Amino acid sequence: MDENFNYRLWRYDGAQGELIPLLQSAQDHFGYIPRRAIKYIADVTGTPEASVYGVITFYSQFRLQPMGRYVIRVCDGTACHVSSSRMLIDAIEDELSVEIGGTTSDGLFTLTTVACLGCCSLAPVMMINDETHGKLTPAAVRKILREIRRRDAASKPPQAGGECAREAGA
Amino acid sequence: MPFITINIDGREHTVQEGVTVLEACKSAGIPIPALCYHPKLRLAGNCRLCVVEVEGWKTLQPACVTPITPNMVVRTDTPRVRSARRTIVDLLLASHDCDCLVCEAAGRCELQKLAYEYGLDRRSRSFIGDEDYVSMPDESSPVLRYDRSKCINCTRCIRACGEIQGKGVIAAVNRSRDVSVSGGIVEWSDSKCDGCGECIQLCPTGALSVKARIGVRDWDVRKVRTSCAYCGVGCQLEMWVHEGRLVKVDGADVVPNYGSTCVKGRFGHDFVNSAERLKTPMVRRNGMLVPASWDEAIGRIASELERIKNSHGPDSIAGLASARVSNEENYLFQKMMRAAVGTNNVDHCARLCHASTVAGLAAAFGSGAMTNSIAELEHASCILVTGSNTTETHPVIGTIIRRAVREHGAKLIVVDPRRIDLVDNATLWLRQRNGTDVAWINGMMNVIITENFHDKAFIAERTEGFDELWEVVRQFTPERVEEITTIPAGLLREAARIYATSPASSIIYSMGITQHVTGTDNVLSVANLAMITGQIGKPSSGVNPLRGQNNVQGACDVGALPNVFPGYQKVTDPAVLEKFEKAWGRDLSSRNGLTVVEIMNEIEKNGIRGLVIMGENPMVSDPNLAHVEKALQNVEFLAVMDIFMSETAAMADVVLPAASFAEKEGTFTNTERRVILLREVLPPPGEALPDWKIICRLSGALGYPMNYSSAAEIMEEIAALTPIYAGIRHSRLFSEGVQWPCPDPTHPGTRFLHKDRFSRGLGKLHPVDFIPPDELPDDQYPFILSTGRILYHYHTGTMTRRVGALNEYAPGGFMEIHPADALRLDLENGGRARVTTRRGSIETEVRVTGRVAEGSVFIPFHFVEAAANRLTNDALDPVAKIPELKVAACRVDRIGTAMGGS
């Protein structure tokens, strides 16, 4: 286990009920919860590995697969749905060759849907990481995605997805 | 507890207060269906099948979690109740893969029974699920299969693993309709599951099943109860037999294991079906072992032994009996050696494990065996485990220790140089330097006496020699002990206080205490500790050496030792000698015979020329193998009885095929002194015979006829000559066995020893000073080598290495080394290394792990291709003649690159 990861677990002091915060800090660090983190957390907390795995699979917030560097959350709530959010999703799936829940092979994008982003006046809406995009059309969506891809290629060489995922708080 | 009256289905029943409605119904003989309920497990109350009507309640009540109240009126079989249960079964079937035609569980499946009972055929079911719940089963475990589509989420397996086994490796995963159980992360194999199979036995459906398809239906097999052939726990097993083959093993729900067993007990008996079993006698002709008739083989042994006896005297012949065969057979073997051959040169591998226990505890208490019963350990308030990797060597006792801690709040103190699995459950772990046991035990006594925790009344009334003991113990201050053992003084003090002040403390020890040149000293020290604190002679409290092999206790009890007749009656005692001469009708030798290691030494000096070995494999089990190999090559005549062509049998002049434990009647005596029955489950293969029949033939050929019609008849003779077995008869053993001492046929047996007086009268406290191990690390051999066992294999592997699943868990030998040492020597996990001592050298796989301390190496001894005993030291304890298998100095060298090996 690398030094950095141990540091991320600093707040564990042996108290009961710390499992979920530990899993969150592991996910913050890696972008998902890798197998070695499960083993490590099981070990330091004295919880059987299968129980840790059980907790991870119970909560939808935890991921066992790496996420892309850009997480797309397309709103499919009532307002967006009647504003044809389905068309946005189709466009993204087509543009990125990825299905809902999937990550592009270059590790850049992960496509998810959410029930409501709370800005129905801007419907249809999506968020990419912390940025919100409103009043979208399929063409606008494609443009945004291509722009991100262009900017990303310019800033650094392409990387595979996985443990290079975003730093906590980034 | 008082009784109260309740009304069930219109009839009054008087039941114990505090029980649940389900238990009350059960005791009244009224069946209540339940899937999540199991009497051994805590209540889950989740399947709702046990619902009943209770007057005064609007809704149906789950019987399993509803306590009874006075004058309660319960109805268990109304249309409303039946309808509710029917709906539940219907819903369970909606997402159940009903392929009962080929399901492993058909016939014993509890869901199948209910579906049939409630008439839920395909046409009358209200709920039909879609087919997408059917998934591929998880077959990643070497021994079990988990089929999610047959899982009803009753959580019995989760509770069985946690509550009964104390392991807790199984958990519920996922959400809502995807919920299933998992023994690991994603896959079963990716876990700490050790394959004990408790979960399979308690699974109500086919969700968890034995991986190797049995291929025979529950109702087609014959089920026979017998005793396990592996360790000294003596698990009672139910063997499933079909057409002369063993097809499955379950734990039998009786003392001492109550349904539990380990991976070897449940999955490790395939060897009886092995094609490699010896089926005919073999004799060596022109250097080759070739098949022969029984008459020829027996004749050859008899004539060779006669020849040697006539020219060199009876003491030039020796016999090795076996801790793996029955009491009756060991009795006959030593009787043959003593009466037919005329020598006391009979010993067996107990010499290599607990000779120091027999010597030490006999000196301290007057009898050398486990003082308490296995079941009592669960209720000890403090358990001190030292030199015993219990969860691997005596797995069912390991689970009982875990239960004592997890379920009953016992304090567990582990004193061991390795970080064994029990450390996870321990209150305290003391890591001593190998071979410094006398020092830490003296240190604990020093603390106890200095802090006034010793039991003065017990010392005064029950023991002698306290002042002499104190003269030695006073020098072992915790600070001095820390220098010798590296155990921090503070930890030692804490451990001493917990042990001394707990209401019922029990010591468990094993080879880590006994296999030293100071083995007897170590045992005496353990006995001292128990006596000065009064932690002996009461339930759950005493000194408990765990005997390794299934019948090592019995083999010692019935006299397969060179200095005693059956029942530890000394051969040098004229009265005893006379008694046995009269009983056996021959003049007997009053000279103590030779021990295992001494026999090997004498062969080299031509003192021993003929050797008969029954079911032992010294070519893997004994220390300093190069020496043993030379001895067995040089001995004039060697005869071996075994079930396989072991490494030792391959060197013999005559090999006789023996029946395995499953192919004969007889008794074993387990580690808690319980005499337990063996049944003939299968016929022996080919011409193989039970050892007792072989011995009868051989003894007859040697001019001392033995005529017994059954093993039971032999036991009657043992009982007549052996006071501690006097009341034991096969006819008494069918249900639970009997624990010796059992002085007469009406005596119920003895649960724990030394209640009001020690067997020798007063307990003797022996002052013991610390002596370092025989061989200490130096510049040339800088590491301490220790050897031991692992869960998946047994002893020399003659049996377990012929079992596929066990080999999958543990395919070959390895050495454990600390990460810091590995770094220094440039060793990688999975790479190869050479380990060398003054006696030999082996190559093996490297495991880098913090289980061993820095400067130490651990090697399991099961694997002949990397035989740890090529390395071990055959220096002997002067009293018990046990070799120092636990400490040797060694060096470690890397071989080749980690990738290529060599």
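Miscellaneous remarks
- Fraction of antiparallel bridges per DSSP, the protein assembly as shown only, in percent to nearest 5: 60 percent
- Charge dipole (the protein assembly as shown, unit charges on Cβ, about Cα centre) - positive-most of A:27, B:684, B:268: A:27
- CD proxy at 222 nm, helix term only [per DSSP H run n ≥ 4: -39500 (n - 2.57); per residue of chain B; nearest 500]: -7500 deg cm²/dmol
- The mean count of C-beta atoms from other chains within 10 Å of the C-beta of residues in A:57-63, rounded to a whole number, is 3.
- For chain B, the longest principal axis of the C-alpha atoms and the axis of helix B:437-450 are separated by about 70°.
- Shielding of B:184-191 by partner chains, average beta-carbon count, 10 Å: 4
- Antiparallel DSSP beta bridges within the range B:486-602, as percent of all bridges there, nearest 5: 50 percent
- Dimensions in Å of the range B:343-453 - Rg and Dmax from alpha carbons: 15.9, 52
- Among beta bridges that DSSP assigns inside chain B, antiparallel share in %, nearest 5: 60 percent
- As a length-normalised measure over Cα pairs under 8 Å and 6 or more apart, the relative contact order of the range B:783-894 settles at 37 percent.
- Filter on B:279/B:335; B:192/B:264; B:570/B:630; B:335/B:582; B:335/B:579 - keep pairs with C-alpha separation over 24 Å: B:279/B:335; B:570/B:630
- Note: relative contact order over chain B, using C-alpha pairs below 8 Å and six or more positions apart, is 13 percent.
- Shape category assigned to chain B from the gyration tensor of Cα positions, a/c cut at 1.5: prolate
- The C-alpha atoms of chain B define a longest principal axis, and helix B:519-532 lies at about 50 degrees to it.
- Spin-label zone in the range B:754-770 - amide nitrogen under 13 Å from a point set 7 Å from the Cα of residue B:475 along the C-beta vector: B:767-770
- Listed by chain and number, the lysines placed with their C-alpha closer than 25 angstrom to that of residue B:456 are B:411, B:538, B:755, B:764; residues fewer than eight positions away on the same chain are left out.
- Efficiency of FRET between residue B:294 and residue B:824 - r from beta-carbon atoms, R0 45 angstrom, step 0.05: 0.15
- Other protein chain Cβ atoms within 10 Å, averaged over every residue that makes up B:167-173: 6
- Cα-based shape type of the range B:81-148, given that a ≥ b ≥ c are square roots of the gyration tensor eigenvalues and the cut on a/c is 1.5: prolate
- The range A:70-154 - convex hull of alpha carbons, volume per residue in Å³: 76 Å³
- Volume per residue of the C-alpha convex hull in the range B:192-239, rounded to whole Å³: 121 Å³
- Overall form of the range B:783-894 per C-alpha gyration tensor (a/c, 1.5; a/b vs b/c): oblate
- For chain B, the longest principal axis of the Cα atoms and the long axis of helix B:294-312 meet at an angle of about 40 degrees.
- The Cα center of the range B:1-66 and the Cα center of the range B:396-450 differ in position by 42 Å.
- Cα-centre dipole for the range B:783-894 with unit charges at Cβ (Lys and Arg positive, Asp and Glu negative), debye to 20: 240 debye
- Ordered by the count of other Cβ atoms within 10 Å of each Cβ, fewest first, A:127, B:288 give B:288, A:127.
- Full extension of the chain segment joining residue B:121 with residue B:501 gains 130.5 nm, where the gain is 0.36 nm per residue of separation less the Cα-Cα distance.
- Neighbour-count order for B:280, B:436, fewest beta carbons within 10 angstrom listed first: B:280, B:436
- Each of B:511, B:239 was scored by other Cβ atoms within 10 Å of its Cβ. Arranged with the fewest first, they read B:239, B:511.
- For the protein assembly as shown, the average shadow cast by the Cα convex hull is 50.6 nm², which is a quarter of the hull's surface.
None of the figures in this text is laboratory data; all of them are computed from the coordinates on show. Just so you know, these numbers come straight off a predicted model, no measurement behind them. Backbone-built Cβ (ideal geometry, glycine too); neighbour counts: all protein chains shown.
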